[in-house]
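A quick write-up on the structure given underneath.
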Amino acid sequence: MSKTSFDASTRTGIWKANKAKCFYCYTDIEFKDLHIDHIIPEGLSEEKLKELILEYGLNESFTINSFENLVPTHRICNQRKTDLVFNKASILYYLGLNAKNVELIKREINTLKRNNSFNQLYSKIVSALDQNHINLDDLTNIINEKKSVDWHEKEIKLPIAIDFANDSFNKFSFDINLDSLYDKKMIFGGVFESIDLRNNVNDEVTISNLREWIDATNKGFYPLTNTDIKLSENVDFLDNLLRAIKNAKLPKVSFLDDILITDLDYLSPKILFDPEKKFHINIRNKDSVGDLFRKNLVNVTEENLYNISIEFDGFKTSISEQFRADLNDDGIEDILVRKWNRAINGSLGFGETIILTRQSTKSLIEPI
């Protein structure tokens with residue numbers, strides 16, 4: 001049982017991020033019965049904790065109250081565990097499983113704190129309106145102007161930088177002209193300075209920047225070898241990224257608020273590499289990737305370069321979120337995603353850039 005006292009926002013964030021279920025028995029918990037447990041018990045001595053952190057290869061920033069070590073439990077489940085120290089394999093499994101919830105916990109806590117601040121601000125605005133210190137037209141103009149300024153000054157930070165001959169870019173702004181990037185010499189796969197393309201009559205051309213890529217592909221050239229196919233994802237992604245930034249608009253509505261693309265219950269199977277359409281019935285039935293996972297139809301893994309990887313039928317589909325905006329001018333927020341498909345036991349692999357969207361609160365996140 002935890003000796004640490006957690007505030008209501010933290011308790012609620014941990015509870016909601018785990019879908020109001022006990023971490024150990026995975027059945028529902030009512031908030032009034034919620035206990036917060038430490039996977040690695042907080043009763044350990046400081047010296048013993050240091051030994052475990054070193055032995056288990058945990059991050060140096062790990063503390064007993066790190067979110068990855070905090071889980072929601074029933075009172076009875078917590079009491080049964082007490083100060084039991086699980087074996088190494090179990091602890092690493094539980095910490096790894098719970099680490100997936102850390103960002104969601106932080107979002108839930110921030111949302112709750114924002115709501116508390118909002119309630120205080122709301123009462124002040126209502127009071128100002130009642131006393132005619134401000135009118136609705138003034139308030140609407142202030143909000144719209146602030147949204148417009150924030151949007152044009154918005155900076156995108158990519159999870160993986162794009163490498164050029166003399167520098168790397170991982171930050172892009174909506175209000176900066178990016179045309180110079182079309183002629184910058186790229187580094188492909190972190191090593192190669194060019195890739196080779198061929199056409200249907202076996203002519204060959206070598207490209208080293210985005211402008212050459214666009215010109216060659218418009219003339220019918222394409223990567224042929226496995227290596228060039230894989231490396232071409234670098235320049236193809238840059239092409240799609242610059243188009244997306246140019247077309248990006250401030251969304252009028254979002255059905256993606258506080259939803260991570262790692263949450264399987266929101267993802268449509270349409271994101272998977274499924275050339276034989278084996279999931280067409282699941283798609284018709286509106287099953288999520290989470291439903292497929294629970295039916296043991298797919299396997300889910302995590303990799304450093306991607307948010308999530310999903311294995312199915314000998315292939316692995318990996319996705320990495322880049323940024324969110326209205327990308328197809330329908331007023332609804334979308335997600336630009338870098339996607340990689342590859343054979344689990346082979347050399348075949350190719351990347352693509354896709355746009356994911358969610359059209360309503362009842363819809364799954366799926367490709368446009």
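The values are calculated or read from the model by the stated rules, or taken from the named source; none is laboratory data. Note that the coordinates shown come from a computational prediction; the quantities given were computed from them, not determined experimentally. For neighbour counting, all protein chains shown are included, and Cβ atoms are generated from backbone atoms with ideal geometry for every residue, glycine included.
Data overview
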| item | result |
| --- | --- |
| In segment 294-329, residue modelled with the highest pLDDT [restricted to those that are on the phi > 0 side of the Ramachandran plot and acidic (D, E)] | D329 |
| D167 vs. criteria closer than 26 Å to V337 by Cβ, of a type outside the set (A, V, I, L, M, F, W, C) and at pLDDT 85 or above | yes |
| Condition met for I229 (in the same structural domain as F164 (by TED's automatic domain parsing), in a helix (DSSP H, G or I) and touching a residue at least 60 places away in the same chain (Cβ under 8 Å)) | yes |
| Unmet criterion (only one of (1) assigned to a loop (DSSP other than H, G, I, E, B); (2) in contact (Cβ under 8 Å) with a residue 12 or more places away in the chain; (3) within 20 Å of V102 (Cα to Cα)) for K19 | (2) |
| Neighbours by Cβ (under 9 Å, 6+ apart or cross-chain): first from segment 319-338, touching a residue at least 60 places away in the same chain (Cβ under 8 Å); second aromatic (F, W, Y) and buried (at least 19 other Cβ atoms within 10 Å of the Cβ) | S320/Y306; S320/W340; Q322/F237; F323/F172; I335/F323; L336/F323; R338/F237; R338/Y306 |
| Scan of segment 247-287 for residues that are under 17 Å from the mean Cα position of the chain (by Cα) and among the polar types (S, T, N, Q), ordered by number | S254, T262, S268 |
| Which listed residue is touching a residue at least 40 places away in the same chain (Cβ under 8 Å) and not assigned by TED's automatic domain parsing to the domain that holds F188, from D258, D236 | D258 |
| Candidates I36, I64, I40 - the one that is assigned to a loop (DSSP other than H, G, I, E, B), buried (at least 19 other Cβ atoms within 10 Å of the Cβ) and either free of Cβ contacts under 8 Å to residues at least 40 places away in the same chain or not hydroxyl-bearing (S, T, Y) (or both) | I40 |
| From the options I281, I245, I259, residue that is within 30 Å of N18 (Cβ to Cβ) and among the aliphatic types (A, V, I, L, M) | I259 |
